[in-house]
Amino acid sequence: MVEAILKDKKKILPCAAYLEGEYGIKGLYVGVPVKLGARGIEQIIEIKLTPEEQTALDKSAASVKELVAVIGV
């Protein structure tokens with residue numbers, strides 16, 4: 001990750017990114033593929049998910065949201 005940022009490689013890597021509607025999720029940090037370059041996360045890559053994959057991602061996001069609520073952030 002550091003090399004991708006320092007050398008502006010525009011490399012696609014999995015990373016926790018703040019989603020603002022991507023994948024149908026808003027207001028949470030979730031692990032998704034992103035393009036990393038000199039400016040950090042330069043683009044969130046949205047790939048087409050199967051219904052099962054979308055369900056699993058939604059379940060994961062719900063768990064993150066619940067945890068955030070518990071710790072009061």
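Each reported figure results from applying straightforward, stated rules to the coordinates on display, with no laboratory input. Remember, it's a predicted structure, so these values are computed and weren't measured experimentally. Don't worry about glycine lacking a Cβ; one is built from the backbone with ideal geometry, like all the others, and counts go over all protein chains shown.
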Counting other C-beta atoms within 10 Å, and keeping those with at most 13, which DSSP coil GluC sites (Glu not before Pro) do you find in the chain? 46
Give the span of the chain's Cα atoms along each principal axis, as three whole-Å numbers ordered largest to smallest. 37, 32, 16
Grab the range 2-71 and count how many Lys pairs have their alpha-carbon atoms under 30 Å apart, sequence gap of 8 or more, or different chains. 24
What spacing in nm lies between the two simple spin-label points modelled at residue 54 and residue 18, each 7 Å away from Cα in the Cβ direction? 2.6 nm
For the range 2-71, the dipole about the Cα centre with charges only on Cβ (Lys and Arg +1, Asp and Glu -1), to the nearest 20 debye, works out at 280 debye
Filter the trypsin sites (Lys or Arg not before Pro) in the range 26-73 to those in DSSP coil with at most 15 other Cβ atoms within 10 Å of their Cβ, and list the result. 39, 48
